[in-house]
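K.L.:
Pasting in a structure now, in structure tokens, and then I'll have a few things to ask.
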Amino acid sequence: MAKKQVEVLIIGSGIAGMCAGAYLSHEGYKVLVVEALPRIGGHCSTIEYNGIKCTTGVVGPGLGGPLEELFQHVGAEFNVRECGIPHYLINGKVVELPAKGGLRALLSAATDDEDEIEGVVRAFARAMNWAPPPETITMKEWLLQFAKTKSVLDLFQTMAAATAIVGIDQISAKGFFLFLKQHRGFRDWGVCPEGSIALPSSLAKVIERHEGKIWTNSPAIHILSEDGKVTGAIVRRGGKELEVKASVVISNCGPGRTVALAGKENFGKGYVEALGRLTPARAIGIHIKSEVPLLDYDHLLVVGARRVNAIFQLTSVCPELAPPGTHYLVAGADPVSSLNPIEAREEIDLCLQDLREILPAFESHAEVLMTGIYHGDWPAMFSIAGQAMPQRTPIVNLYAVGDGFISEPGMTAMAGAAQSGIAAAKDAATRLKHA
Ligand SMILES: Cc1cc2nc3c(=O)[nH]c(=O)nc-3n(C[C@H](O)[C@H](O)[C@H](O)COP(=O)(O)OP(=O)(O)OC[C@H]3O[C@@H](n4cnc5c(N)ncnc54)[C@H](O)[C@@H]3O)c2cc1C
């Protein structure tokens, strides 16, 4: 079998793997990234369809935070155009989020009960600024102490589902407020004019500039270990298998696959059981093309619909994503429960019923390009916010990174995945320096 030697092998080119690779390349280490698919980026990538740059997941990367800082640190271009003000659809009314007093404005659209509004606003301010609620209650349980109106509960469900891909009955109250603080209420985000793949591609340039390599169509099929340490991996490339020897392996291919590649027996029962307790996030994405704009603003958060929680008219921010005169939208939805198997046909029908009701021109002008259901082996995220696993694994010099391995409280999704990749890369750099 052919052999190749590198200092760091990264399995998976999701945003976490690419952040780790760019950081370590910038530090001077020889990096190889292997990716099973024909394109890089995982959930942060682009598929061109009918001239439209459709996203494979990420709609809007957050601005600022660990992701943008990493780009600055390694000298990579961060081409993200800022979005406009969020609009909410509540009880049939569109509310533009004001710069101040946003929560009160949204609650006033959800209920006429002044006492309820006052109670929620005060409790919210207390939880954000003074005493965070306990880990032991869910966000829904926390809310039920102050709110009784269905639209108020629906409003918080939309905030959680549309921004953190989680239900208020899943996330702890503490986790929800930590998320809001870390992501600054998710007001600051943008769209990539060249498609989401531009971000991993920009990091790929850093890796290649430092003589690292990125191999697509090259799945790792086995992580090799000896005496409790990893020694590299077997990679399938061009129909052949080769052994890649590495001092450090960083796995970005998800918790289950990482354990399967390295062998369950090498991790210890406790670790495997802890991974099994992670709650994956599930989501539906409906990709829409239209000859007329379907929204008057660039995104609408939808409260109380059957399934749809947000609609992003991405071409309002970045017309470059579609041919001139064509509009590209993505509707996000949360399937009914994170526990039951998803009935795909039924879920999509419910999303389409929502879209017909919300968007007056949908029936006459819209074309559904594709629908993505993220669950099972390919969830929207391997873990919801607040259920962090560390990046270090029980196997020395094997790190696990991605949205299932976020160590910074309150971080989630793409920013969290980036944070996990950077944290693992920093730790690995220290070890390599002293090896
Ligand atoms: C519909 C949707 C919308 C979203 N919108 C947003 C958003 O607007 N903002 C935001 O912050 N987050 C968003 N997210 C979440 C975000 O996309 C993810 O949290 C993030 O991109 C995950 O990155 P990751 O590094 O964990 O890995 P992933 O993107 O999961 O990538 C893992 C990579 O590993 C590869 N791989 C797997 N097995 C192997 C193997 N054996 N060998 C080699 N490679 C392998 C895969 O092919 C893949 O490329 C969204 C997700 C979805 C589904």
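The values are calculated or read from the model by the stated rules, or taken from the named source; none is laboratory data. Just so it is clear, the model here is predicted, and its values are computed rather than measured. Counting neighbours? That spans all protein chains shown, and the Cβs are built from the backbone with ideal geometry, glycine included. Accessible surface is based on the protein model in full, side chains and every heavy atom, while ligands, DNA and RNA are left aside. Shrake-Rupley method; radii C 1.70, N 1.55, O 1.52, S 1.80 Å.
K.L.:
Quick one: count up the residues across region 24-58 that are within 19 Å of GLU208 (Cα to Cα) and not in a loop (DSSP other than H, G, I, E, B).
P.N.:
Total satisfying the criteria: 8.
K.L.:
I'd like to know if region 417-430 contains one or more residues that are open to solvent by 60 Å² or more (accessible area, probe 1.4 Å) and either at positive phi or in the same structural domain as VAL8 (by TED's automatic domain parsing) (or both).
P.N.:
yes
K.L.:
Taking region 164-189 only, how many residues are open to solvent by 30 Å² or more (accessible area, probe 1.4 Å) and part of a loop (DSSP other than H, G, I, E, B)?
P.N.:
Count: 5.
K.L.:
Could you check region 238-254 and list, in sequence order, the residues that are more than 10 Å from the ligand (Cβ to nearest atom) and touching a residue at least 60 places away in the same chain (Cβ under 8 Å)?
P.N.:
LYS240, GLU241, LEU242, GLU243, VAL244, LYS245, ALA246, SER247, VAL248, VAL249, ILE250
K.L.:
Going by the conditions given, is GLY212 open to solvent by less than 10 Å² (accessible area, probe 1.4 Å), within 23 Å of the chain's Cα centre (by Cα) and within 26 Å of GLY12 (Cα to Cα)?
P.N.:
Here the answer is no, as GLY212 does not meet what is asked.
K.L.:
A follow-up question, please. If I filter region 17-40 for residues that are among the small types (Gly, Ala, Ser), in contact with a Ser or Thr (Cβ under 7 Å, 6 or more places away or on another chain) and crowded, with 24+ Cβ neighbours inside 10 Å, do I get at least one hit?
P.N.:
no
K.L.:
Check region 83-105 and report whether any residue there is closer than 30 Å to ALA429 by Cα and within 15 Å of the ligand (Cβ to nearest atom).
P.N.:
No - not one qualifying residue is present in region 83-105.
K.L.:
Among the residues that make up region 231-240, is at least one of them touching a His at 6+ places or on another chain (Cβ under 7 Å) and outside the structural domain of PRO323 (by TED's automatic domain parsing)?
P.N.:
yes
K.L.:
Going by what's in this entry, would ILE422 be described as under 27 Å from VAL80 (Cβ atoms) and either of a type in the set (Ser, Thr, Tyr) or out of contact with any Phe, Trp or Tyr (no Cβ under 9 Å at 6 or more places or on another chain) (or both)?
P.N.:
Against the criterion (under 27 Å from VAL80 (Cβ atoms) and either of a type in the set (Ser, Thr, Tyr) or out of contact with any Phe, Trp or Tyr (no Cβ under 9 Å at 6 or more places or on another chain) (or both)), ILE422 does not qualify.
K.L.:
Find all pairs meeting these conditions: Cβ atoms under 7 angstrom apart; at least six residues apart or on different chains; first residue within region 190-207 and surrounded by 20 or more Cβ atoms within 10 Å (Cβ to Cβ); second residue of a type in the set (Val, Ile, Thr) and assigned to a helix (DSSP H, G or I).
P.N.:
VAL191/VAL317; LEU199/ILE15; PRO200/ILE15; VAL206/VAL74
K.L.:
Can you tell me which residues in region 1-38 are within 15 Å of the ligand (Cβ to nearest atom) and on the phi > 0 side of the Ramachandran plot?
P.N.:
GLY12
K.L.:
Here's a follow-up. When only residues in region 392-427 that are of a type in the set (A, V, I, L, M) and near the ligand (Cβ under 7 Å from one of its atoms) count, which is farthest from the chain's Cα centre (by Cα)?
P.N.:
VAL401
K.L.:
Right, another one. Does region 258-276 include one or more residues that are within 20 Å of ALA164 (Cα to Cα), open to solvent by 10 Å² or more (accessible area, probe 1.4 Å) and in a loop (DSSP other than H, G, I, E, B)?
P.N.:
No, region 258-276 contains no residue that is within 20 Å of ALA164 (Cα to Cα), open to solvent by 10 Å² or more (accessible area, probe 1.4 Å) and in a loop (DSSP other than H, G, I, E, B).
K.L.:
For region 279-288, which positions are more than 10 Å from the ligand (Cβ to nearest atom) and hydrophobic (A, V, I, L, M, F, W, C)?
P.N.:
ILE288
K.L.:
If ILE47 satisfies all but one of (1) β-branched (Val, Ile, Thr); (2) open to solvent by less than 40 Å² (accessible area, probe 1.4 Å); (3) more than 8 Å from the ligand (Cβ to nearest atom), what's the number of the condition it fails?
P.N.:
(2)
K.L.:
In region 370-391, what residues are free of Cβ contacts under 8 Å to residues at least 40 places away in the same chain and within 9 Å of the ligand (Cβ to nearest atom)?
P.N.:
Correct list: TRP378 only.
K.L.:
Output the residue which, of all residues in region 123-163 that are without any contact (Cβ under 8 Å) to a residue 24 or more places away in the chain and open to solvent by 40 Å² or more (accessible area, probe 1.4 Å), is farthest from PRO335 (Cα to Cα).
P.N.:
It comes out as TRP130.
K.L.:
While we're looking at this one, here's another question. If you go through region 1-23 one residue at a time, how many are in a strand (DSSP E or B), under 21 Å from PRO66 (Cα atoms) and of a type in the set (Gly, Ala, Ser)?
P.N.:
The number of residues fulfilling the criteria is 1.
K.L.:
Is it the case that some residue within region 260-278 is within 16 Å of the ligand (Cβ to nearest atom) and among the acidic types (Asp, Glu)?
P.N.:
Scanning region 260-278, I find no residue that is within 16 Å of the ligand (Cβ to nearest atom) and among the acidic types (Asp, Glu), so the answer is no.
K.L.:
Still on this model: Just for helices (runs of 4 or more DSSP H) wholly inside region 61-143: which have at least 2 residues that are within 23 Å of the chain's Cα centre (by Cα) and over 20 Å from ILE311 (Cβ atoms)?
P.N.:
65-74
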